[in-house]
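Encoded as structure tokens, the structure appears first; notes follow it.
The values are calculated or read from the model by the stated rules, or taken from the named source; none is laboratory data. Everything numeric here is computed off the predicted structure, so don't read it as measured data. Positions of Cβ are generated from backbone atoms using ideal geometry, with glycine treated the same way; all protein chains shown enter the neighbour counts.
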Amino acid sequence: MSHTHFNPNDRSKLQCLGVPAFNGDARVVEPSTLRELGPNEPGEIIVNGPQVFTGYYNRPEETEQAFIEMDGKAFFRTGDIGRFDEEGYYFMVDRVKRIINASGYKVWPTEVESLLYKHPVEQACVVGVPDPKRGESVKAFIILSIEAKGKIKETEIIEWAKTQMASYKYPRSIEFRDAFPMTASGKILWRKLQDEARYIEGVKG
């Protein structure tokens, strides 16, 4: 969102999108209800301003879904989960399409992944899988560090995770992998892993 936010050179913050650009307006809303949220409450970032495109060419239905009206302005739904602090600086948290709904709580996969990196984990990818009682449960695909391979069990990481995060966030299942499917640009194909996990859960069910 470099065209809608900037990080002031004289007051920049680390790992930050920055503040809304001049003549721009940004808000954070609850993705499902579109209720406007306050400081440090994660939600979907919506933006308005002259630098924001006005719609998809000849695709009125998609345009209608991509924008919401608030205070007489048309805001574009970025699909990015973020928050802003008390000074109005915005921070990226995750993507809306990656949200996991577990027992009525929203889980941001990147938050769980960042906590897992405190363990001897080389790479982690967290996805949501169907759960008959909880709606969805958290599953983590993990590539262990070379030193940890063969020495750590899945159950050990689950027990460790219970002490590091809220009860609805910790992974209920762990699957070790030697490699992840990746894009040409080096990003993990999380949706492919999620589809695999959901297929397996469907077969079990």
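Just one of Ile81, Ile68, Ile46 is within 27 Å of Tyr170 (Cβ to Cβ) and either surrounded by 15 or more Cβ atoms within 10 Å (Cβ to Cβ) or not assigned by TED's automatic domain parsing to the domain that holds Met182 (or both); which is it?
Working: Ile68 fails: within 27 Å of Tyr170 (Cβ to Cβ); Ile46 fails: within 27 Å of Tyr170 (Cβ to Cβ).
After applying the criteria, what remains is Ile81.
In segment 79-178, which strands (runs of 3 or more DSSP E) lie fully inside it and hold 3 or more residues that are among the β-branched types (Val, Ile, Thr)? Step through it out loud before you land on a result.
Numbers: elements: 90-95, 100-102, 105-107, 121-131, 135-144, 173-176.
Strands (runs of 3 or more DSSP E) meeting the threshold: 121-131, 135-144.
Does Phe91 count as closer than 18 Å to Ser173 by Cα and aromatic (Phe, Trp, Tyr)?
no
In segment 13-40, what residues are of a type in the set (Lys, Arg) and either surrounded by 15 or more Cβ atoms within 10 Å (Cβ to Cβ) or within 21 Å of Phe53 (Cβ to Cβ) (or both)?
The first filter runs over segment 13-40 and keeps only residues of a type in the set (Lys, Arg), leaving 13, 27, 35.
If the condition is that a residue be of a type in the set (Lys, Arg) and either surrounded by 15 or more Cβ atoms within 10 Å (Cβ to Cβ) or within 21 Å of Phe53 (Cβ to Cβ) (or both), then Lys13, Arg27 are the ones that fit.
Tally the residues that are over 17 Å from Pro109 (Cα atoms) and in contact (Cβ under 8 Å) with a residue 24 or more places away in the chain, restricting the search to segment 177-199.
3
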